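Worksheet for the structure shown next.
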Amino acid sequence: MQAQVAAGGVATVTAGNQTIPVDAMWAADEPPGTPGPAELLAAAFAACLMKNLERSSALLSFRYTHADIDVRARRQDIPPQFVEIEYELRLVTDEDERRVDLVHRNLRQFGTVYNTLAAVCDVHGSVVIVPTAADPPQS
């Protein structure tokens, strides 16, 4: 991972083989529309859930066709820190609730980003089962 910033806050982060523009501006008149550090941390949390969903899917022979994740990170100003990460994982699957609960336990137990954030703030969320008939059309 590598990062660069130029005077004025124009910044990029290179992770893997992707370069991502990052908002590193201070007191900009208008938001630049690029993700800032807080959004990148929330995105890393969502990526952790997705990667562990794939891991759990392989290890537990868990079937799903699609997943959507919403992450809400709440922070305070003094001292500046996150105080809560809340998520909702919508999972298109024909698996029963017991198996979905098992996967959810695995997501909470084996996620590196999940556990790192849970050590410093309240992390909680839910998994919503979406029947496979509601699977979005493939393009």
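When the gyration tensor of segment 35-139 is built from Cα positions, what are the square roots of 5 times its three eigenvalues, in whole Å, from largest to smallest?
Numbers: eigenvalues 142, 44, 26 Å².
Rounded to whole Å, the semi-axes are 27, 15, 11.
Using C-alpha pairs below 8 Å separated by at least 6 residues, the relative contact order for the chain is 19 percent. DSSP finds beta bridges in the chain, and of those with both partners inside it, around 70 percent are antiparallel. Rounded to whole numbers, the Karplus 3J(HN,Hα) couplings from phi for segment 103-114 are 4, 4, 4, 5, 4, 6, 7, 10, x, 5, 5, 3 Hz, using 6.51 cos²θ - 1.76 cosθ + 1.60 with θ = phi - 60°, and x at Gly and Pro.
Accessible surface computed residue by residue for segment 37-122, with neighbouring protein chains in place and a 1.4 Å probe, gives 59 Å² per residue.
Report the extension gain between Glu97 and Asp122 in nm, rounded to one decimal, defined as 0.36 nm multiplied by the number of residues separating them, less their alpha carbon distance. Write out the running numbers ahead of the final one.
Values: separation 25, 0.36 × 25 = 9.00 nm, distance 2.46 nm.
So the extension gain works out to 6.5 nm.
The values are calculated or read from the model by the stated rules, or taken from the named source; none is laboratory data. This structure is a prediction, so every number in the text was calculated from the model and none was measured. Each accessible area value is taken on the protein alone, full model and side chains, heavy atoms only, with ligands, DNA and RNA left out. Shrake-Rupley method; radii C 1.70, N 1.55, O 1.52, S 1.80 Å.
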